[in-house]
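*Asks:* There's a structure below that I have some questions on.
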Amino acid sequence: MTTRRTIVFQGEPGANSHIACREVFPEFEAVPCATFEDAFFALQNGEADLGMIPIENSVAGRVADIHHLMPTSGLNIIGEFFLPLSHQLMAVPGASLATVQTVESHVMALGQCRNIIRKLGLKAVVGADTAGAARKIAEAGDLTQAAIASRLAAEIYGLDIIAENIEDEAHNTTRFIILSREAEWAAAESGTTVTTFVFRVKNVPAALYKALGGFATNGVNMTKLESYQLDGEFFATQFYADVVGHPDDRSLKLALEELAFFSKELRILGVYPAHPYRIALAAKY
């Protein structure tokens with residue numbers, strides 16, 4: 001008997017990460033984890049085959065925890081997935097917009113639905129995740145409490161949707177990275193490729209300017225560059241970047257060589273196919 005492969009996600013059944021797992025890997029068993037750390041640990045210890053991890057949202061910005069966990073995890077990015085989000089306001093049967101006073105959800109979801117929360121005069125309560133908030137509301141059975149979560153969560157926990165599609169922006173989309181213990185670089189010349197890496201520049205004047213110059217002179221498109229402090233130090237800064245291209249491409253190879261010269265640390269976290277959503281979005285500009 002063949003054991004079914006598993007993919008972990010942060011949250012409870014019905015979370016948006018759960019939906020992403022089902023859409024990309026319907027043949028896998030999707031396993032919920034309470035925290036991102038738990039999901040990473042399950043992958044590192046061989047308890048799961050893959051991980052589906054949100055990294056940024058078009059409205060609320062980056063998922064900060066991931067940038068701190070990824071560089072030291074020893075895990076590899078093997079793919080990306082873009083999930084358009086549609087948030088629902090839900091409550092127990094019998095509740096309505098007239099009865100609810102509080103709304104609970106993940107901080108990112110609350111941030112993506114600020115307009116209706118303000119319009120309805122609801123008190124926002126930060127929860128661990130969207131589906132977990134839905135479960136708590138179902139268990140409480142209180143007509144004054146609501147949650148923001150997915151249609152799948154409403155179905156799983158027996159809640160009524162009292163306001164549909166409440167996100168502030170129609171383009172509300174979350175980008176996920178797919179993680180694996182083993183590196184699986186996309187083949188060179190196999191289509192549009194994304195390379196993700198982290199680096200720390202040397203402590204010399206204009207180091208960052210010089211380090212990034214190679215990407216401009218070699219015509220490499222950098223789609224993400226973010227910085228964050230390490231170990232609570234104001235001046236220990238690490239950078240997280242995405243570029244379009246493959247390390248075997250001459251242009252990116254030269255750019256990375258120049259980056260390495262001005263950096264005291266450079267690590268590639270993944271080389272993977274660009275998702276169709278990224279390609280379609282790039283074609284608009």
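*Asks:* Give just the number: which of (1) among the small types (G, A, S); (2) closer than 19 Å to E189 by Cα; (3) loosely packed, with under 15 Cβ neighbours inside 10 Å does S251 not satisfy?
*Replies:* It fails just one condition, (3).
*Asks:* Moving on. If I ask for residues that are under 16 Å from the mean Cα position of the chain (by Cα) and farther than 21 Å from G14 by Cβ, which ones from the stretch 74-109 would you list?
*Replies:* L75, N76, I77, I78, G79, E80
*Asks:* Of everything in the stretch 104-118 that's in contact (Cβ under 8 Å) with a residue 40 or more places away in the chain and of a type in the set (D, E, K, R), which residue is farthest from L89 (Cα to Cα)?
*Replies:* Checked the stretch 104-118; the qualifying residue farthest from L89 (Cα to Cα) is R114.
*Asks:* Here is a follow-up. When the residues of the stretch 265-285 are filtered to those that are under 24 Å from A211 (Cα atoms) and either open to solvent by less than 70 Å² (accessible area, probe 1.4 Å) or touching a Cys at 6+ places or on another chain (Cβ under 7 Å) (or both), which remaining residue is modelled with the lowest pLDDT?
*Replies:* E265
*Asks:* On to the next question. When both residues are 6+ apart or on different chains and their Cβ atoms are under 9 Å apart, which pairs have a first residue that lies in the stretch 119-131 and is in a loop (DSSP other than H, G, I, E, B), and a second that is charged (D, E, K, R)?
*Replies:* A128/E12; D129/E12
*Asks:* Could you check the stretch 254-264 and list, in sequence order, the residues that are buried (at least 21 other Cβ atoms within 10 Å of the Cβ) and more than 13 Å from K202 (Cα to Cα)?
*Replies:* Within the stretch 254-264, A255, L256 qualify.
*Asks:* Would you check which residues across the stretch 200-218 are under 27 Å from the mean Cα position of the chain (by Cα) and of a type outside the set (A, V, I, L, M) and list them?
*Replies:* Selection gives R200, F215.
The values are calculated or read from the model by the stated rules, or taken from the named source; none is laboratory data. This is a predicted model, so every value here is computed, not measured. Note that we place each Cβ from the backbone using ideal geometry, even for glycine, and neighbour counts take in every protein chain shown. Calculation scope for accessible area: heavy atoms of the full protein, side chains included, ligands and nucleic acids excluded. Shrake-Rupley method; radii C 1.70, N 1.55, O 1.52, S 1.80 Å.
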